[in-house]
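Trainee: Mind having a look at this structure? Questions to follow.
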Ligand SMILES: [Zn+2]
Ligand SMILES: [Zn+2]
């Protein structure tokens, strides 16, 4: 049993809580808490992070052990008081990781994804990327360096992650007395707001006293408007992950001299040129079609997400038993499907090629498994003939994307 990954149970647990939140929101007559496109986008990003995490988490842990074994300052035992100190130390490191995540362009590029969501519910908690996990690991390394045992640090990672999941909801109101010490959903909601007085506030994850000490505490007064000051006008899976890196690169190209270039990468996001993003969106998202069209094939999207979630749960459970080929197959299948879901929300014409790509990956995998790779020309030929004879791409755009053929 030792190789079974119990993180697999986190996925069903997530959906149970999400379901409860959704039902409760309906009962409280607050259906606006959920938005279809935004929830799909948040969940897609969460799936990708959990998926890639399976491949990289091991190296994060190895890094903690490497630092602890070779460079630790102190020999800290593990007892009750040490656990208590570790919780405080972790949240202190978190405070600065999170604050710099908002104050330094390079870190903001990873953290901004968490803030794209204009909805504040459990799906926003899932909106974490692997790039953000990489940056976080860099900061987290301070803990084994000080001398906390990596096993303890890894346990804290899970505790911290679980706690912050529950602070992303609007169904729990203000709990004033708790806010003196703990971060509540109301306090973290303020952090997700784009209202002037709420900007750059409440960086703590579990405790509010770091914010109080460093002058960044703000309690909820008016109802927050959630999301970015300059919202991202795209649900594209790829664009959401990468847009801010492109923005930094563009600013860097425009900058003259060392200081200006340094600031392009390590300066404050508040000084980012606001004309850069629209310019890049024009360049990279040029085929954006009419978003007023309703999706006829929502069920198609649900099925795809459902398949991803099922695959990911089983994949996580059996990860250690699989060989490299299986792993690469599942990784590429799920990633293509997630890109597809994002493209479907925006009715992109090119997603048709993605469908072919996915069919190609699946057939190649099964032919390889059956030692029949020499017959790979068969599915390729079928795809080419089907396209030539039936113009599938036109039907696809008409039926699934509901685009006019004249476009
Ligand atoms: Zn943040
Ligand atoms: Zn958050």
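The values are calculated or read from the model by the stated rules, or taken from the named source; none is laboratory data. As the structure is a prediction and not an experimental result, all values here were calculated from the model. Because the Cβ atoms are built from the backbone with ideal geometry, glycine has one as well, and the counts that use them run over all protein chains shown.
Trainee: For the list (1) surrounded by fewer than 18 Cβ atoms within 10 Å (Cβ to Cβ); (2) in contact (Cβ under 8 Å) with a residue 24 or more places away in the chain, I need the number of the one condition that residue 85 fails.
Mentor: (2)
Trainee: While we're on this one: Any idea which of 166, 207 is more than 12 Å from ligand 2 (Cβ to nearest atom) and assigned by TED's automatic domain parsing to the domain that holds residue 98?
Mentor: Working: 166 fails: more than 12 Å from ligand 2 (Cβ to nearest atom).
Answer to the check: 207.
Trainee: I'd like the residue in segment 176-194 that is assigned to a loop (DSSP other than H, G, I, E, B) and within 15 Å of ligand 1 (Cβ to nearest atom) and, out of all such residues, is nearest to the chain's Cα centre (by Cα). Steps first, answer last, please.
Mentor: Of segment 176-194, the ones assigned to a loop (DSSP other than H, G, I, E, B) are 180-181, 183-184, 192, 194.
After this cut, where a residue has to be within 15 Å of ligand 1 (Cβ to nearest atom) as well, the list is 183, 192, 194.
Working: 183: 21, 192: 15, 194: 19 Å.
Among those residues, the one meeting the criterion is 192.
Trainee: Do any residues in segment 89-109 that are closer than 25 Å to residue 155 by Cβ and outside any helix (DSSP H, G or I) have Cβ atoms under 9 Å from those of residues that are away from ligand 2 (no atom under 14 Å from the Cβ) and modelled with pLDDT under 95, where the two are at least six apart or on different chains, and which pairs are they?
Mentor: Matching pairs, first to second residue: none at all.
Trainee: Let me ask you something else. Being part of a helix (DSSP H, G or I) and either at pLDDT 90 or above or under 20 Å from residue 121 (Cα atoms) (or both) narrows it down to one of 228, 251, so name that one.
Mentor: Numbers: 228 fails: part of a helix (DSSP H, G or I).
Answer to the selection: 251.
Trainee: Would you confirm whether any residue within segment 231-244 is closer than 23 Å to residue 46 by Cβ and within 14 Å of ligand 2 (Cβ to nearest atom)?
Mentor: We begin by selecting, within segment 231-244, every residue closer than 23 Å to residue 46 by Cβ; these are 231-244.
Filter again for within 14 Å of ligand 2 (Cβ to nearest atom), leaving none.
Within segment 231-244 (the criterion being closer than 23 Å to residue 46 by Cβ and within 14 Å of ligand 2 (Cβ to nearest atom)), the answer is no, since none of the residues qualifies.
Trainee: Is there a residue being within 15 Å of ligand 1 (Cβ to nearest atom) and without any contact (Cβ under 8 Å) to a residue 24 or more places away in the chain anywhere in segment 110-117? Reasoning before the result, please.
Mentor: Taking segment 110-117 as the starting set, the residues that turn out to be within 15 Å of ligand 1 (Cβ to nearest atom) are 110-117.
Now drop any that are not without any contact (Cβ under 8 Å) to a residue 24 or more places away in the chain, which leaves 114.
Yes, there is a match, as at least one residue in segment 110-117 is within 15 Å of ligand 1 (Cβ to nearest atom) and without any contact (Cβ under 8 Å) to a residue 24 or more places away in the chain.
For every residue, the table says whether it meets (1) surrounded by 13 or more Cβ atoms within 10 Å (Cβ to Cβ); (2) under 30 Å from residue 339 (Cα atoms); (3) within 16 Å of ligand 2 (Cβ to nearest atom).
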residue: 140; (1), (2), (3): yes, no, no
residue: 148; (1), (2), (3): yes, no, no
residue: 155; (1), (2), (3): yes, no, no
residue: 177; (1), (2), (3): no, no, no
residue: 183; (1), (2), (3): yes, no, yes
residue: 189; (1), (2), (3): yes, yes, yes
residue: 194; (1), (2), (3): yes, yes, yes
residue: 197; (1), (2), (3): no, no, no
residue: 215; (1), (2), (3): no, no, no
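Trainee: While we're on this one: Restricting to segment 121-136, and then to whatever is in a loop (DSSP other than H, G, I, E, B) and within 12 Å of ligand 1 (Cβ to nearest atom), can you tell me which residue is farthest from residue 97 (Cα to Cα)?
Mentor: Initially, segment 121-136 is screened for residues in a loop (DSSP other than H, G, I, E, B), giving 121, 126-129.
Among the residues that remain, those that are also within 12 Å of ligand 1 (Cβ to nearest atom) are: 127-128.
Details: 127: 17, 128: 14 Å.
By that ranking, first place goes to 127.
Trainee: Quick test for you: out of 154, 158, 128, pick the one residue that is at negative phi and without any contact (Cβ under 8 Å) to a residue 12 or more places away in the chain. Please lay out each step first, then the result.
Mentor: Details: 154 fails: without any contact (Cβ under 8 Å) to a residue 12 or more places away in the chain; 128 fails: without any contact (Cβ under 8 Å) to a residue 12 or more places away in the chain.
On inspection, the qualifying residue turns out to be 158.
Trainee: Test each condition in (1) within 20 Å of residue 118 (Cβ to Cβ); (2) in a loop (DSSP other than H, G, I, E, B); (3) within 16 Å of ligand 1 (Cβ to nearest atom) for residue 204 and report the one that comes out false.
Mentor: Single failed check for residue 204: (1).
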